[in-house]
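To start, the structure under review is shown below, and the notes come after it.
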Amino acid sequence: QVQLVESGGGLVQAGGSLRLSCAASGIAFNIYAMGWYRQPPGKQRELVAVITMGGITNYADSVKGRFTISRDNAKNTVYLQMNSLKPEDTAVYYCNAALSSYSYWGQGTQVTVSS
């Protein structure tokens, strides 16, 4: 059974930082591309950052220079370090594991940035 469990969300003031974690089980983690997506209130889910099995990263323009995605294959965990947070970063953040036609999602973690 595949499980992706996010943690680390919460309430933070603008300019603050949070670190999200996503622990995966039930998959060969090291061969999956891992991503973070978010869904702001009333909006569509959007890509935040992705990291390939080889460690290549890609970011949404809105978070470049502020967010960093990383992975620890020994711990089957992907991280999202979020710095200089803005109120517009408020959203439910979801972890995703993707390989070919396979795609798995976590349950999401709420991030709220107050102004």
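The values are calculated or read from the model by the stated rules, or taken from the named source; none is laboratory data. Treat the numbers as computed from the prediction; the structure is a model and nothing was measured. With ideal geometry, Cβ positions are generated from the backbone for all residues, glycine too; neighbour counts draw on all protein chains shown. Just the protein is used for accessible areas: all its heavy atoms, side chains included, with ligands, DNA and RNA removed. Shrake-Rupley method; radii C 1.70, N 1.55, O 1.52, S 1.80 Å.
Overview of values
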quantity	calculated
Qualifying residue in the range 55-68 (condition: farther than 23 Å from GLN13 by Cα, of a type in the set (D, E, K, R) and under 15 Å from the mean Cα position of the chain (by Cα))	no
Cross-chain or 6+ apart pairs with Cβ under 8 Å, the range 2-22 first and part of a loop (DSSP other than H, G, I, E, B), then charged (D, E, K, R)	GLY8/ARG19; ALA14/LYS86
Condition met for ILE56 (farther than 14 Å from CYS95 by Cβ and in contact (Cβ under 8 Å) with a residue 40 or more places away in the chain)	no
Residues that are under 18 Å from ALA60 (Cβ atoms), open to solvent by 20 Å² or more (accessible area, probe 1.4 Å) and not in a strand (DSSP E or B), drawn from the range 26-41	PRO41
Pairs, first under 16 Å from TYR104 (Cα atoms) and among the small types (Gly, Ala, Ser) in the range 69-80, second open to solvent by 50 Å² or more (accessible area, probe 1.4 Å) and assigned to a loop (DSSP other than H, G, I, E, B), C-beta under 9 Å, six or more apart	none
Looking only at the range 1-16, and only at residues there that are of a type in the set (Gly, Ala, Ser) and under 18 Å from THR109 (Cβ atoms), the one that is most open to solvent (accessible area, probe 1.4 Å)	SER7
Residue within the range 17-25 that is exposed (fewer than 14 other Cβ atoms within 10 Å of the Cβ), touching a strand residue (DSSP E or B) at 6+ places or on another chain (Cβ under 8 Å), at pLDDT 95 or above and within 13 Å of GLY106 (Cα to Cα) present	yes
Residue ID - farthest from ALA60 (Cα to Cα), chosen from residues in the range 87-115 that are in contact with a Phe, Trp or Tyr (Cβ under 7 Å, 6 or more places away or on another chain) and among the polar types (S, T, N, Q)	THR109
